[in-house]
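I have placed the structure first, in the form of structure tokens, so that the comments after it can refer back to it.
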Amino acid sequence: MASQTRAKFTCTEVSKRTGWREHKFLYAARFNAVTENSDENKTFFATTPQGTIEVSTVKEDHFEVGKTYYVDFTVSE
């Protein structure tokens, strides 16, 4: 198994949710794996993990809908 895999995902949604403790709000971001639209994206689609990822952050402007992000998967030991 490779010790690191780089994938490419596009942010498709950011939603505001009720937070906890001192954080009044959380911002949930959903990402979908890239498919095509460029030679690089075609390569990522053919060789890296596919699917969706959802993460939350307390920072409102951490992710932007329509922007594409690299996601690195590294084995933790």
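With the condition kept exactly as written, say whether any residue in segment 17-30 is in contact with a Leu (Cβ under 6 Å, 6 or more places away or on another chain) and modelled with pLDDT under 95.
The first filter runs over segment 17-30 and keeps only residues in contact with a Leu (Cβ under 6 Å, 6 or more places away or on another chain), leaving 17, 19.
Okay, now just the ones that are also modelled with pLDDT under 95, so 17, 19.
Yes, the conditions are met somewhere in segment 17-30.
Against the condition touching a Cys at 6+ places or on another chain (Cβ under 6 Å), surrounded by 10 or more Cβ atoms within 10 Å (Cβ to Cβ) and among the small types (Gly, Ala, Ser), how does ALA29 come out, does it pass?
Numbers: touching a Cys at 6+ places or on another chain (Cβ under 6 Å): yes; surrounded by 10 or more Cβ atoms within 10 Å (Cβ to Cβ): yes; among the small types (Gly, Ala, Ser): yes.
Judged against the criteria, ALA29 is a match.
Testing THR18 on (1) out of contact with any His (no Cβ under 9 Å at 6 or more places or on another chain); (2) of a type in the set (Val, Ile, Thr); (3) open to solvent by less than 90 Å² (accessible area, probe 1.4 Å), one condition comes back false. Which one is that?
With (1) out of contact with any His (no Cβ under 9 Å at 6 or more places or on another chain); (2) of a type in the set (Val, Ile, Thr); (3) open to solvent by less than 90 Å² (accessible area, probe 1.4 Å) applied to THR18, the lone miss is (3).
Going through segment 1-13 one residue at a time, which ones are modelled with pLDDT under 95 and open to solvent by 50 Å² or more (accessible area, probe 1.4 Å)?
MET1, ALA2, SER3, GLN4, ARG6, listed by residue number.
From the residues in segment 34-77 that are more than 13 Å from PHE9 (Cα to Cα) and in contact (Cβ under 8 Å) with a residue 24 or more places away in the chain, which one is least open to solvent (accessible area, probe 1.4 Å)?
Per the stated criteria, the residue is THR57.
Give segment 36-60 a look and list any residue that's under 30 Å from TRP20 (Cβ atoms) and among the polar types (S, T, N, Q), or say none.
THR52, SER56, THR57
The values are calculated or read from the model by the stated rules, or taken from the named source; none is laboratory data. Just so you know, these numbers come straight off a predicted model, no measurement behind them. Reconstructed Cβ throughout: ideal geometry from the backbone, glycine too, with neighbour counts over all protein chains shown. The accessibility values were calculated without ligands, DNA or RNA, using every heavy atom of the protein model including side chains. Shrake-Rupley method; radii C 1.70, N 1.55, O 1.52, S 1.80 Å.
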